[in-house]
Amino acid sequence: MKRIFLFLATNIAVMLVLSIVLSVLGVDRFITQAGLNLPMLMVFSLIVGFAGSIFSLLISKWMAKRSTGGRVIESPTNSTELWLISTVEKLARRAEITMPEVAIYEGEANAFATGAFKNSALVAVSTGLLESMNKEEIEAVLAHEIAHVANGDMVTMMLIQGFVNTFVVFLSRVIGYAVDRALSRGDNNSGPGIGYMITVIVAQIVLGIGASVIVAWFSRHREFRADAGSAKLLGSAEPMVRALQRLAGMTPNALPQSMASMGISDKPGFMALFSTHPPMEQRIAALRGQR
């Protein structure tokens, strides 16, 4: 629940702050005494909608390392690190992508992939995952993350988030303008009033929550593809099935929200609409259906 709240708050806050800053700078002069300038509004909405998601993508690797305390393996210091590097290298070669950075971080069982580009990504695994799974299961999880990278899922999710943000910004201002006109009884000689600003903020929050449901749905769909990608890279669905069964009996470590959708697992509950991952039983059933 806390992670979902932080996700919604962060996304909505980014849009609100950008909207206010651009308004103060006079960029949003699309509202004039003559009415609503829809073409200018769309340009404004695109800027606000994509700015936050693009910026988040570009700093995603840096944020991942800082927020998890992950240590990138530069030179393997033990057999586990050597095995991790060689396994990721083998999977990356099969997926025809550049070898990503590999990191280990302290925490309960989880793993994630991030990065702005598929040929400069980061794959990180927790100490809990390394301690609780055998090598076959860990390899399946690594293949799942490599599949995320090969599928370009980081960029895809950025684009989806940017598009829904754009429509949230656009529609909130159309609604705000309509309410403001109604409150001013059609007086076109006055500019937008307090009714406009309040309505825009409220509409942006409400629409932002709805947009998060859409983004989460796309994320869940993408998880099935990454599971299938793991099976393809390994030549069998069984290792991934066993890894998911193992995870189903654990409580995965909560990842920072910027990496949550690229993790191997989360635990959907009554807020399942906002979950970035499908239930384990659905993922296992989908994999078994491929055999």
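The values are calculated or read from the model by the stated rules, or taken from the named source; none is laboratory data. Note that this is a predicted model, so its numbers are computed, not measured. We place every Cβ from the backbone using ideal geometry, glycine too, and count neighbours over all the protein chains shown. With ligands, DNA and RNA removed, areas are computed over all heavy atoms of the protein, side chains included. Shrake-Rupley method; radii C 1.70, N 1.55, O 1.52, S 1.80 Å.
Before moving on, here are some points about what is shown:
- Test: Glu108 is within 18 Å of Glu137 (Cα to Cα), at pLDDT below 90 and open to solvent by 10 Å² or more (accessible area, probe 1.4 Å): yes
- 1 or more residues open to solvent by 50 Å² or more (accessible area, probe 1.4 Å) and at pLDDT 85 or above: qualifying helices (runs of 4 or more DSSP H) within region 182-291: 194-234, 238-248, 280-288
- Within region 43-77, the residues that satisfy the criterion of being more than 14 Å from the chain's Cα centre (by Cα), buried (at least 21 other Cβ atoms within 10 Å of the Cβ) and small (Gly, Ala, Ser) are Ser45, Gly49, Gly70.
- Taken over region 122-153, the criterion of being touching a Gly at 6+ places or on another chain (Cβ under 6 Å) and either aliphatic (A, V, I, L, M) or crowded, with 24+ Cβ neighbours inside 10 Å (or both) is satisfied by Leu122, Ala124, Ser126, Ala147.
- Any chance Phe163 is part of a loop (DSSP other than H, G, I, E, B), hydrophobic (A, V, I, L, M, F, W, C) and over 16 Å from Ala226 (Cα atoms): no
Residue-by-condition table, conditions (1) among the polar types (S, T, N, Q); (2) in a helix (DSSP H, G or I):
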position	(1), (2)
Ala64	no, yes
Thr80	yes, yes
Trp83	no, yes
Ser86	yes, yes
Leu91	no, yes
Arg94	no, yes
Glu108	no, no
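- Residue that is at pLDDT 90 or above, over 15 Å from Glu139 (Cα atoms) and open to solvent by 50 Å² or more (accessible area, probe 1.4 Å), where the choices are Thr80, Thr98: Thr98
- Near pairs, Cβ below 6 angstrom, 6+ apart or cross-chain, from region 274-289 (free of Cβ contacts under 8 Å to residues at least 40 places away in the same chain and closer than 15 Å to Arg242 by Cα) to any residue that is of a type in the set (Gly, Ala, Ser) and part of a helix (DSSP H, G or I): Met280/Ala248
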